[in-house]
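One structure below.
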Amino acid sequence: MAMVKTVAIALPLGIHAASKHNKPGDVLVMGVSQLGIAIPNFWFGILLILFFAVYLGWASAGGFPGWEEGVLDGLGSLFLPAIALALVQAAILARFTRSAVLDVLREDFVRTARAKGLSRRAALWGHAVRNAMIPVVTVMGLQFSDR
């Protein structure tokens with residue numbers, strides 16, 4: 001569950017940051033990812049419990065009810081721990097995705113595609129992202145084995 005959230009958060013943010021290189025969107029994503037790397041998992045988990053369980057009352061403060069209580073109850077109790085684990089991994093993966101996409105955007109074949117009349121968006125999604133995903137998927141596999 002944490003790895004699914006990591007990928008769902010990191011890939012769009014990393015691709016967005018690369019497409020808006022040195023613009024406010026890139027600076028914001030990289031600043032938030034730096035903050036995500038700096039915050040320890042356990043501390044962020046405590047903040048999530050404090051906000052969602054204590055203040056809002058949307059989640060339980062602890063304990064896994066078991067799968068006998070129902071799948072939705074089980075998944076609901078895993079939501080906050082999965083977010084706490086996904087934060088740091090998503091920050092790392094977003095930075096790596098941005099770097100990989102920027103490296104591919106600087107390649108000759110992307111410049112050639114742009115010179116032939118391909119739009120910036122089509123060159124990004126058709127050429128850069130597809131080729132940048134090779135090292136990103138490798139890092140995702142390493143992160144998945146770490147969890």
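I want the local charge near F109. Using Cβ-Cβ distances under 12 Å, sum +1 for each Lys or Arg and -1 for each Asp or Glu among the other residues.
Net charge around F109: +3.
At W58 and K20, where each label point lies 7 Å from the Cα along Cα→Cβ, what is the point-to-point distance in nanometres?
With each label placed 7 Å out from Cα toward Cβ, I get 2.3 nm.
Quick one: with all protein chains in place, what share of the accessible area of region 1-85 is carbon or sulfur, to the nearest percent (1.4 Å probe)?
74
Mind giving me the nanometre distance, one decimal, between the label points for V137 and M1, set 7 Å out from Cα along Cα→Cβ?
My value for the distance between the label points is 2.7 nm.
Find out how many positive minus negative residues lie around R121, taking Lys and Arg as positive, Asp and Glu as negative, among other residues whose Cβ is under 14 Å from that of R121.
+4
Pick from L87, L48, L102: which is most flexible by mean-square fluctuation in a GNM of the chain where alpha carbon atoms under 10 Å apart are linked?
L48
Multiply the residue gap between F79 and S119 by 0.36 nm, knock off their C-alpha separation, and tell me the result in nm, one decimal place.
Length difference between fully extended and current span is 10.5 nm.
Give me the distance in nm between label points sitting 7 Å out from Cα along the Cα-to-Cβ direction at R111 and L50, one decimal.
5.1
Taking the Cα centre of the chain as the origin, how large is its charge dipole in debye, to the nearest 20, when only Lys and Arg (+1) and Asp and Glu (-1) carry charge on their Cβ atoms?
It works out to roughly 960 debye.
So which helices of the chain fit the span-like rule, where a helix is a whole DSSP H run, its Cα atoms reach 20 Å or more along the axis, and its mean Kyte-Doolittle is at least 1.0?
2-19, 24-38, 71-105
Taking the solvent-accessible surface of protein heavy atoms with a 1.4 Å probe, what is the per residue accessible area of the chain in Å²?
61
The values are calculated or read from the model by the stated rules, or taken from the named source; none is laboratory data. On a predicted model such as this, the values are computed, not experimentally measured, just so you know. Positions of Cβ are generated from backbone atoms using ideal geometry, with glycine treated the same way; all protein chains shown enter the neighbour counts. We work out accessible area using only protein heavy atoms, side chains counted, and drop any ligands, DNA or RNA first. Shrake-Rupley method; radii C 1.70, N 1.55, O 1.52, S 1.80 Å.
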